[in-house]
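Reviewing the structure listed below.
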Amino acid sequence: MTLEHINMRFQKGGFFSKDRSVHVLKDIDLTIGEGEILALVGESGCGKTTLGKIITGLYVPTEGQIALQGESGETIKRKKRPLSFLQVQFIQQDSYAALNPVRTIYQSLYAPIRMHNPKWSKKQIDTKIDELMTLIGLQPAAQFLSKYPHQLSGGQRQRILMARAISLDPKLIVADEPVSMIDVSLRLSLLNLMSELNERLGIAFVYITHDLSTARYIARRGRLAVMYLGEIMEEGAMDVVLSHPRHPYTRALLKAVPVPDPDARSDEKLPLKSMELSGIEDRGEGCPFAPRCPYMTEQCERPVDYVVTEGVRIKCRNLEEVERLNAARPEGTDE
């Protein structure tokens, strides 16, 4: 899948204010390869979920094009997506809200398979459901299929969402913070499940998260895209970006990750000029990170183009200063 010059604006208004356009996503260019895992990382409210819904065709971008196997996303209608976009599925963050509370797990899995395979017999669908339950590790299947969503744990519901997503044999799955509402002890098993589906079925994943540690684990052989206020600040191979972060925001994210070993911790403060997160509505034409960046200059207020080095795209006008900072980076940032 290829996204070119994606822009997204929403109309915002109220009883006491005039309607105005909010530029949520700005000039997003992204390519997702076949069977690839891309981790999309950023703070809450930066537009990650909006981009995920555009990738799945749930939102139509204000500007730009989406191409999947040669079919342009410009033809996407809000209520009728092209058939090729059924190959892109979405896994929501809230597993309880994503499942119909008055339907059993069997009914929730049966419905999409029946809808998209109308010539299949009930026996064929039941066989498919049993295969899915085996694949996601919920056995014996009969023990779970007769239950309702509230009778399952959060981890089990998230696995059911995974099964429903792969029931249509997708080429790409967008997972929107799938482990953020799961107990820490169960997160690793779900991340391993996604890795297994990626390897066994060749399904590409876009893993959306604000947790850099889980992104690092799931996409350790994939790519990382760091997002800030609706723009991608840095994007490249996971090991390259983490071992040599170039954008100041990427460095700040890495510095904010807690270090378990007390002896390995540093007293160095976060490389930020301000701890306050600006709003998307206040973003100017230049670098959105400029108000918090310790290397901001007047030229940062002008539109910023990408710089490509070692296969990594960086949106920064003061890259030389960032490189100077990287030369003295503390231990513990390497992969």
Open item on the list: I need the full set of residues from the stretch 36-47 which are surrounded by fewer than 22 Cβ atoms within 10 Å (Cβ to Cβ) and in contact with a strand residue (DSSP E or B) (Cβ under 6 Å, 6 or more places away or on another chain), in order please.
Closed with: GLU36
Task: Failed criterion for VAL184 (all others in (1) among the β-branched types (Val, Ile, Thr); (2) closer than 25 Å to GLY33 by Cα; (3) surrounded by fewer than 21 Cβ atoms within 10 Å (Cβ to Cβ) hold) - done: (2)
Open item on the list: All but one of (1) part of a loop (DSSP other than H, G, I, E, B); (2) in contact with a Cys (Cβ under 9 Å, 6 or more places away or on another chain) hold for PRO245; state the number of the condition that does not hold.
Closed with: (2)
Task: Residue satisfying all of: in the stretch 281-296; free of Cβ contacts under 8 Å to residues at least 40 places away in the same chain and surrounded by fewer than 20 Cβ atoms within 10 Å (Cβ to Cβ); farthest from LYS315 (Cα to Cα) among these - done: ASP282
Open item on the list: I'd like to check something: does the stretch 276-284 contain any residue that is outside any loop (DSSP other than H, G, I, E, B) and at pLDDT 85 or above?
Closed with: no
Open item on the list: With the requirement that a residue be modelled with pLDDT under 80, of a type outside the set (A, V, I, L, M) and surrounded by 12 or more Cβ atoms within 10 Å (Cβ to Cβ), what does the stretch 300-327 give you?
Closed with: ARG317, ASN318, GLU321, GLU323, ASN326
Open item on the list: Tell me the residue from ALA252, ALA264 that is more than 21 Å from VAL24 (Cα to Cα), modelled with pLDDT under 85 and surrounded by 14 or more Cβ atoms within 10 Å (Cβ to Cβ), please.
Closed with: ALA252
Task: Close pairs (8 angstrom Cβ cut-off, 6 or more residues apart or separate chains): in contact (Cβ under 8 Å) with a residue 60 or more places away in the chain and under 15 Å from VAL102 (Cα atoms) in the stretch 148-172, buried (at least 21 other Cβ atoms within 10 Å of the Cβ) and among the small types (Gly, Ala, Ser) anywhere - done: ARG157/SER95
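Hey, could you check the stretch 206-219 for residues that are crowded, with 21+ Cβ neighbours inside 10 Å and not hydrophobic (A, V, I, L, M, F, W, C) and say which is modelled with the highest pLDDT?
TYR207
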Open item on the list: Cβ contacts < 6 Å: first residue closer than 23 Å to TYR306 by Cα and among the basic types (Lys, Arg), restricted to the stretch 209-229; second residue assigned to a strand (DSSP E or B) and modelled with pLDDT of 90 or more, any location; separation 6+ or different chain. Result?
Closed with: ARG223/LEU38; ARG223/ALA237
Open item on the list: Checking the structure you have, find out if any residue of the stretch 220-240 is surrounded by fewer than 23 Cβ atoms within 10 Å (Cβ to Cβ), touching a Pro at 6+ places or on another chain (Cβ under 9 Å), part of a helix (DSSP H, G or I) and not aliphatic (A, V, I, L, M).
Closed with: no
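Quick one: is GLY70 at positive phi, surrounded by fewer than 19 Cβ atoms within 10 Å (Cβ to Cβ) and modelled with pLDDT of 90 or more? Give the steps one after another, and end with the answer.
Working: at positive phi: yes; surrounded by fewer than 19 Cβ atoms within 10 Å (Cβ to Cβ): yes; modelled with pLDDT of 90 or more: no.
In short, no.
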- [ ] For THR62, indicate whether it is more than 19 Å from THR31 (Cβ to Cβ) and modelled with pLDDT of 90 or more.
- [x] yes
Open item on the list: I'd like the residue in the stretch 94-116 that is in contact with a Leu (Cβ under 9 Å, 6 or more places away or on another chain) and part of a loop (DSSP other than H, G, I, E, B) and, out of all such residues, is modelled with the lowest pLDDT.
Closed with: LEU99
Open item on the list: Looking for something crowded, with 18+ Cβ neighbours inside 10 Å and either on the phi > 0 side of the Ramachandran plot or among the acidic types (Asp, Glu) (or both) - is there at least one such residue anywhere in the stretch 122-141?
Closed with: no
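The values are calculated or read from the model by the stated rules, or taken from the named source; none is laboratory data. Note that the coordinates shown come from a computational prediction; the quantities given were computed from them, not determined experimentally. With ideal geometry, Cβ positions are generated from the backbone for all residues, glycine too; neighbour counts draw on all protein chains shown.
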